[in-house]
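The values are calculated or read from the model by the stated rules, or taken from the named source; none is laboratory data. On a predicted model such as this, the values are computed, not experimentally measured, just so you know. Backbone-built Cβ (ideal geometry, glycine too); neighbour counts: all protein chains shown. For the accessible areas, the whole protein counts, side chains as well, though only heavy atoms, and no ligand, DNA or RNA atoms are used. Shrake-Rupley method; radii C 1.70, N 1.55, O 1.52, S 1.80 Å.
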Amino acid sequence: MTIPTKKYFTRKNDNDIITSRTDLDLIERKDETVWIMNHLFLNPEQHDQHEISLIMHDVVVFVQESEKKIWPLDPIAIKYFKQHPELEAIWYHKPFNF
């Protein structure tokens with residue numbers, strides 16, 4: 001499988017309005033190559049209570065299939081990872097206060 005160096009994830013509602021969006025960049029670290037997630041956008045007027053789970057599911061599946069880890073930098077994504085310990089194997093560089 002050829003892995004891209006940039007991956008976009010966008011979810012839209014039935015009216016074609018963006019409800020959430022994020023992107024990943026593949027970067028080389030000293031110890032390994034990882035996906036970095038700089039930000040996660042949730043449309044404050046258009047997303048439902050499950051939006052974070054929906055977009056993060058897409059992200060997690062992609063990351064697992066790429067056989068890389070992910071380094072979330074966005075506070076919403078970090079909170080999601082803290083709430084899902086089953087994702088520990090793919091979480092690169094956990095915050096110290098975890």
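Quick notes
- The dipole here belongs to the chain: it is taken about the Cα centre, uses +1 on the Cβ of Lys and Arg and -1 on the Cβ of Asp and Glu, and is about 300 debye.
- Counting protein heavy atoms only, the chain has 49 percent of its accessible area on carbon and sulfur, 1.4 angstrom probe.
- 3J(HN,Hα) couplings calculated from phi for segment 67-79 with the Karplus curve 6.51 cos²θ - 1.76 cosθ + 1.60 (θ = phi - 60°) are, in sequence order, 6, 10, 9, 10, 10, x, 10, 6, x, 5, 5, 4, 4 Hz; Gly and Pro show x.
- Our estimate of slack between residue 17 and residue 94, defined as 0.36 nm per intervening residue step minus the Cα-Cα distance, is 24.4 nm.
- Only Lys, Arg (+1) and Asp, Glu (-1) charged, at Cβ; segment 50-98 dipole about Cα centre in debye: 240
- Dividing the summed -39500 (n - 2.57) terms of all DSSP H runs of n ≥ 4 by the residue count of the chain sets its mean residue ellipticity at 222 nm at -8000 deg cm²/dmol.
- Per-residue HN-Hα couplings for segment 28-36 [Karplus 6.51, -1.76, 1.60; θ = phi - 60°; Hz; x = Gly/Pro]: 8, 9, 4, 9, 5, 8, 9, 8, 10
- With Cα atoms, 0 to 90° folded angle of helix 51-66 axis to the chain main axis: 30
- Among 37-43, 3-9, 63-69, the order from most to least packed when residues are scored by Cβ within 10 Å on average: 37-43, 63-69, 3-9
- Here the extension length gained between residue 74 and residue 5 equals 22.9 nm, from 0.36 nm per residue of separation less the Cα-Cα distance.
- Remark: the chain carries 64 Å² of accessible area per residue (probe radius 1.4 Å; ligands, DNA and RNA excluded).
- Each principal axis of the chain carries a Cα extent, and these read 43, 34, 19 Å when sorted largest first.
- Amide H within-cut-off set for residue 20, under 5 Å, with H built and near neighbours excluded: 11, 43
- For the chain, the antiparallel share of DSSP beta bridges with both residues in that region comes to about 75%.
- FRET efficiency for the pair residue 46 and residue 86, taken as 1/(1 + (r/R0)^6) with r the Cβ-Cβ distance and R0 = 25 Å, rounds to 0.30.
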